[in-house]
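Derivation of every value follows stated rules applied to the coordinates shown; laboratory data play no part. What you are looking at is a predicted structure, and each value in this text was computed from that prediction instead of being measured. Cβ sites come from the backbone with ideal geometry, for glycine too, and all protein chains shown count toward neighbours.
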Amino acid sequence: MSTIENAYQIAKARFAEIGVDTDAAIFAMAKLPISVHCWQGDDVAGFEMQEGELTGGIQATGNYPGKARTADELRSDLDKAFSLIPGPKRLNLHASYLESEQKVDRNEVKPEHFANWVNWAKQHQIGLDFNPTYFSHPLSNEGTLTHVNPEIRQFWIEHGKACRKVSEYFGKELGTPSVMNIWLPDGMKDITVDKFSPRQHLVESLDQIIHEKIDPKYHIDAVESKLFGIGLESYTAGSNEFYLAYATSRKTALCLDAGHFHPTEVISDKISAVMPFVEHLLLHVSRPVRWDSDHVVLFDDETQNIASEIIRNKLFDRVHIGLDFFDASINRIAAWVIGTRNMKKCLLKALLEPTEKLKKYEHDRDFTSRLALLEEQKSLPWQAVWDQYCLLNEVPVGSRWLDEVRQYEKTVLTKRS
């Protein structure tokens with residue numbers, strides 16, 4: 001028996017003392033796929049064959065060498081990252097990651113432009129999620145679905161409709177529903193007089209986009225709010241209140257992004273607040289440092305609290321976990337691996353909590369025992385369970401994965417100009 005397996009047996013016995021079955025926790029991880037975001041690998045550039053910088057408040061900071069320049073390079077990088085991350089995964093794509101030999105405008109996006117991604121997903125036996133791309137386009141500079149010009153609004157409505165067809169295609173081909181998330185950066189930099197009209201336009205535009213019914217076993221609509229963005233500091237049409245009302249009234253999924261709220265707000269506290277009113281919740285787990293800066297996810301208190309809310313309330317089938325960060329200051333594959341493994345660590349640690357015992361203490365008003373057990377369990381050997389989980393999934397244990405990333409960087413990434 002290996003050192004890792006020996007440590008696991010000891011940990012298993014320790015957790016059994018507080019009524020936790022570690023084997024069952026490991027088994028439950030199979031129900032919790034993480035949707036890994038493609039845009040970490042190329043700094044949100046996409047493959048549309050068009051020139052121009054990122055707009056809409058999107059920024060990828062850093063210039064670490066070796067970013068993906070083509071879809072094939074991006075898939076190769078994802079292959080490496082996925083080989084180092086244990087358990088089930090998905091991939092989250094933006095519309096701007098289409099593949100075509102001719103330029104395709106946003107309102108002309110079709111399923112065929114993502115056939116290579118579907119074939120790749122089938123090889124990995126994973127699902128795909130999707131996002132319309134409402135930024136970095138000549139017609140997005142002054143708004144999209146809220147634009148004062150109805151012709152420009154119609155262009156972006158057609159983009160949303162086209163993207164739903166792509167998302168449905170993913171669901172039909174891969175046998176798992178694709179969650180399609182709508183986020184747009186429409187707003188204003190300075191004092192805004194008319195905040196109502198753009199929001200009326202946004203309601204009308206969204207209603208047109210989702211008008212056609214699509215079977216939820218193939219496709220799920222989601223809408224995502226934001227507090228502010230660079231160049232949109234004073235007013236964002238798609239605020240939290242707007243999209244919470246829209247999602248509950250239109251029966252779409254609601255997306256909560258960890259970086260899209262005031263600095264003292266956390267999305268972990270919002271999960272139980274919105275779940276009585278929405279059927280599906282999409283999470284974009286990120287790490288805001290001073291604003292929506294999309295740093296790599298850490299094994300920190302908030303990520304653990306997010307995981308605990310999902311596990312404690314048995315929301316396996318209603319909460320969809322996605323990641324959303326793009327750090328170009330470090331090796332991009334390492335960023336994927338660090339962030340995704342941390343999210344999975346938090347989920348496994350949450351599964352190792354004696355939740356029913358803690359709830360009983362709480363319901364019995366025994367707050368002393370509740371606090372004591374919450375604190376004592378923090379020092380139990382959960383890391384040994386994580387190592388066993390990695391071993392069972394045939395991925396490197398501990399930081400050994402970094403050796404593979406460094407070798408890939410040496411043989412592949414450094415050769416990219």
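For the reader, a short list of remarks on this structure follows.
- Taking the helices alone, the chain has a mean residue ellipticity at 222 nm of -13000 deg cm²/dmol, built from -39,500 (n - 2.57) per DSSP H run of at least 4 residues and averaged over all its residues.
- Antiparallel bridges, percent of DSSP beta bridges restricted to the chain (to nearest 5): 10
- For the peptides 4-10, 137-143, the ranking by mean Cβ contacts within 10 Å, running from highest to lowest, is 137-143, 4-10.
- Cα centroid of the stretch 176-253 to Cα centroid of the stretch 355-371, whole Å: 40
- In terms of packing, defined here as the mean over residues of other Cβ atoms within 10 angstrom, the peptides 288-297, 38-47 line up highest first as 38-47, 288-297.
- Ordering of 26-34, 363-371, 178-186 by burial proxy (mean other Cβ atoms within 10 Å per residue, highest first): 178-186, 26-34, 363-371
- Span-like helix criteria (full DSSP H runs; alpha carbon extent of at least 18 Å along the helix axis; mean Kyte-Doolittle hydropathy of at least -1.0) are satisfied in the chain by 3-16, 150-174, 196-209, 332-351.
- Too-long pairs where the Cα-Cα distance tops 24 Å, listed order kept, from Lys12/Lys122; Lys165/Lys217; Lys12/Lys80; Lys270/Lys314; Lys172/Lys344; Lys31/Lys226: Lys12/Lys122; Lys12/Lys80; Lys172/Lys344; Lys31/Lys226
- Other residues whose C-beta falls under 12 angstrom from the C-beta of Met180 contribute a net charge of -1, scoring Lys and Arg +1 and Asp and Glu -1.
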